[in-house]
Amino acid sequence: MTQAAPQFATLPFATLADRARTVCAAATSRTTDNGQPFLLVPAADLPALAQFLRDDAALRFDALMDLTGFDLLKYPKAETPNAIAVLYLLFSYRHRHRLQLRVLAPRELCTVPTVSAIWPAALYFEREVFDLLGVTFTGHPSLQRIMNPTDWEGHPLRKDYVYPDAYHGVAHLREGQHFETNPPRAGDPPPPAAAPKPPGGHA
Amino acid sequence: MTVEATTPSGERMTLNMGPQHPATHGVLRIVVESDGEIVASCTPDHGYLHRSIEKIGECVEWPMVVPYTDRVDYVCAMNANLAYCVAVEKLLNTDPAAAVQVPLRAECIRVLVAELNRISSHMVAVGAMAMDTGAVTPFLHGIAQRELVNDIFEKLCGQRLTYNYVTVGGVAFDLYPDAAAEIARFLDQFEIEMRRFNKLITANAIFRDRCAGVAAVSAAEAIAWGLVGPNLRASGVDYDVRRDDPYGIYERLQVRVPVGQGFAGRRGKVGDCYDRFVVRLLEVQESVRLCRAALAMLPPPADGKPADPVGGFQADVKKLLLRPPKGEVHCRTESARGEMGYYLVSDGTKVPYRVRVRTGSFSAAGIFHHVMRGIFLADVVAVIGSFDVVVPEIDR
């Protein structure tokens, strides 16, 4: 058992970003709405940058803490609402610093190169992001759905996801019911009219 | 007992394990292609327990996500609650106007319940691993200890499995009157029981040799494949979120971190099944110490004032959660199965925009096909048990 962690050569975000830009000049430092910094990277530059971040002696990002994403479609005042943000949360066990990379993948042609050759942990994470958000990771050895069945339609965490009515003939709702967020269909009953206001305020 | 000693015949046979199998700890299906007794390849098949918890998180209000986090990891639900609540508090704290101060008494109670739950979860894990390798008795001893913890939790919050106890800003209820004495009594008897348990199975030469050197994961492999928690530490990586990226009052408690060092002796390797087993038992001892430290630190209750910064148990966050700051936050905590990292995206409304949870079992399942290549068929269940995979955590 060890008592306390030894000291580490932890670098601040600005230094990490500058060092990353020596390989990928197009990477830009951004912050989220509450001031969390991240590095926005063009998809094409990602593999080379990831390789550098892992192997550079001063950076040594040996771990991919998390790989996830979210749909920007309904995010208020998003610069690029027509994109899926793919997030790479990197961590260095050697130096104990962390860095977030972000790739914006357009919703229609949603492809990002894989990083699974650099961090094998990405093999599973990328399958999950593919399944739930519909991002295709080019070069992934077995990009299949991981949570939903292989014949599932759509990607549930996309903000315009339409819930299916049935799966292999098993209905998801009782007759006459309707998913609130789904667009209305031809045979649907009209939405219930708002109850008339009782005269004179509270009864 | 080395793989090299046997001669592969080249003839392949496909075996299906699961999805309903007593040794897979949940609904996990593994397709194993074997060459005689040796695993040639192994393909886990996930999704049988997928309940779309991340999607539900986008449809309900911030505090309403907490009961769903119970279902992410029902063996260690207190830590699963805590992980989400700490993440939401971190999100609120990014805006000074919405900063939330968790009362000291609530922080102590959180450490108590988290560590008690870690004890019960690890006892199930080591007991189940022993059972998977053929020793049934230790499992019953482990379950008996878990029942005692569940009794305490039942008195505390009315539930034995999915607690919904930790809330954003504190905990749902204060400790019941003689809870501290009862927890102290449990810890005392647990230490005696641990000595018996170690004599029964940990020091058992048959069990030790059965697990020695099986499916060893090197430190570099463990990091690259994203292993976390006890599985990572068993491979010799000295890292614990409670000590190195502390949350709550863990910084003041000085967590000591056990790491794997080839405990099985001559035949053992760092990061083998036996190391993963022993590291959990060492962590349990540390949890006992942390519980005692939290009990010693526990301030007296401030009766009638739940939001009191010292003796209260629940800060007032109702209004803050209706309009949390817009933005994103990543927060990790140490659950029984390792780092549980929440990535929360808020669009400033009372409903989360995105709730992402990264769990320890997911990455542990990701390394299965890598470590299982070349091991004996009979070791497959021992390996699943040693990684302590809880299937709902993989599928969510």
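Quick notes on this one:
- Matching residues, region A:28-46, being out of contact with any Gly (no Cβ under 8 Å at 6 or more places or on another chain) and touching a residue at least 40 places away in the same chain (Cβ under 8 Å): A:Arg30, A:Pro37, A:Phe38, A:Leu39, A:Leu40, A:Val41, A:Pro42, A:Ala43, A:Ala44, A:Leu46
- In region B:321-360, counting only strands (runs of 3 or more DSSP E) that sit wholly within it, the ones holding 2 or more residues that are open to solvent by less than 10 Å² (accessible area, probe 1.4 Å), more than 7 Å from chain A (Cβ to nearest Cβ) and over 21 Å from B:Asp95 (Cβ atoms) span B:327-335, B:338-346.
- Test for A:Asp33: is it surrounded by fewer than 21 Cβ atoms within 10 Å (Cβ to Cβ), facing another protein chain (nearest Cβ under 10 Å) and touching a strand residue (DSSP E or B) at 6+ places or on another chain (Cβ under 6 Å): yes
- Remark: pairs (first residue in region B:198-224, at positive phi; second residue open to solvent by 60 Å² or more (accessible area, probe 1.4 Å); Cβ separation under 9 Å; 6+ apart in sequence or on different chains) = B:Gly213/B:Met1; B:Gly213/B:Thr2; B:Gly213/B:Arg267; B:Gly213/B:Lys269.
- Residue check, B:Tyr84 open to solvent by less than 40 Å² (accessible area, probe 1.4 Å), in contact with a strand residue (DSSP E or B) (Cβ under 7 Å, 6 or more places away or on another chain) and among the hydroxyl-bearing types (Ser, Thr, Tyr): yes
- Residues in region A:82-99 that are without any contact (Cβ under 8 Å) to a residue 40 or more places away in the chain and among the charged types (D, E, K, R): A:Arg98 only.
- Considering residues of region A:165-203 that are at pLDDT 80 or above and under 21 Å from B:Val60 (Cβ atoms) only, the residue most open to solvent (accessible area, probe 1.4 Å): A:His172
- Members of region A:82-98 found to be more than 10 Å from every other protein chain (Cβ to nearest Cβ), of a type outside the set (Phe, Trp, Tyr) and crowded, with 22+ Cβ neighbours inside 10 Å, listed by number: A:Ile84, A:Val86, A:Leu90
- Being under 19 Å from the mean Cα position of the chain (by Cα) and aliphatic (A, V, I, L, M) is a description that does not apply to B:Leu104.
- Checking the stated criteria, B:Ala222 turns out to be in a helix (DSSP H, G or I), at pLDDT 90 or above and within 13 Å of another protein chain (Cβ to nearest Cβ).
- Residue in region A:66-74 that is open to solvent by 50 Å² or more (accessible area, probe 1.4 Å) and more than 9 Å from every other protein chain (Cβ to nearest Cβ) present: yes
- Residue in region A:105-123 that is at the interface with another protein chain (Cβ under 9 Å from one of its Cβ atoms) and without any contact (Cβ under 8 Å) to a residue 24 or more places away in the chain present: yes
- Scoring B:Arg256 on the criteria (1) under 16 Å from B:Ile367 (Cβ atoms); (2) out of contact with any Phe, Trp or Tyr (no Cβ under 8 Å at 6 or more places or on another chain); (3) of a type outside the set (S, T, N, Q); (4) within 14 Å of another protein chain (Cβ to nearest Cβ) leaves a single failure, condition (1).
- Any hit, region A:128-140, residues being within 14 Å of chain B (Cβ to nearest Cβ) and more than 13 Å from the chain's Cα centre (by Cα): yes
- Residue identified as hydrophobic (A, V, I, L, M, F, W, C) and farther than 19 Å from B:Val241 by Cβ among A:Leu73, A:Leu67: A:Leu73
- Residue count for region A:114-171 under the criterion of being farther than 24 Å from A:Ala48 by Cβ, part of a loop (DSSP other than H, G, I, E, B) and not small (Gly, Ala, Ser): the result is 22.
The values are calculated or read from the model by the stated rules, or taken from the named source; none is laboratory data. This one's a predicted model, so the numbers in the text were calculated from it and none came from an experiment. Backbone-built Cβ (ideal geometry, glycine too); neighbour counts: all protein chains shown. All accessible areas refer to the heavy atoms of the entire protein, side chains included, with ligands and DNA or RNA removed. Shrake-Rupley method; radii C 1.70, N 1.55, O 1.52, S 1.80 Å.
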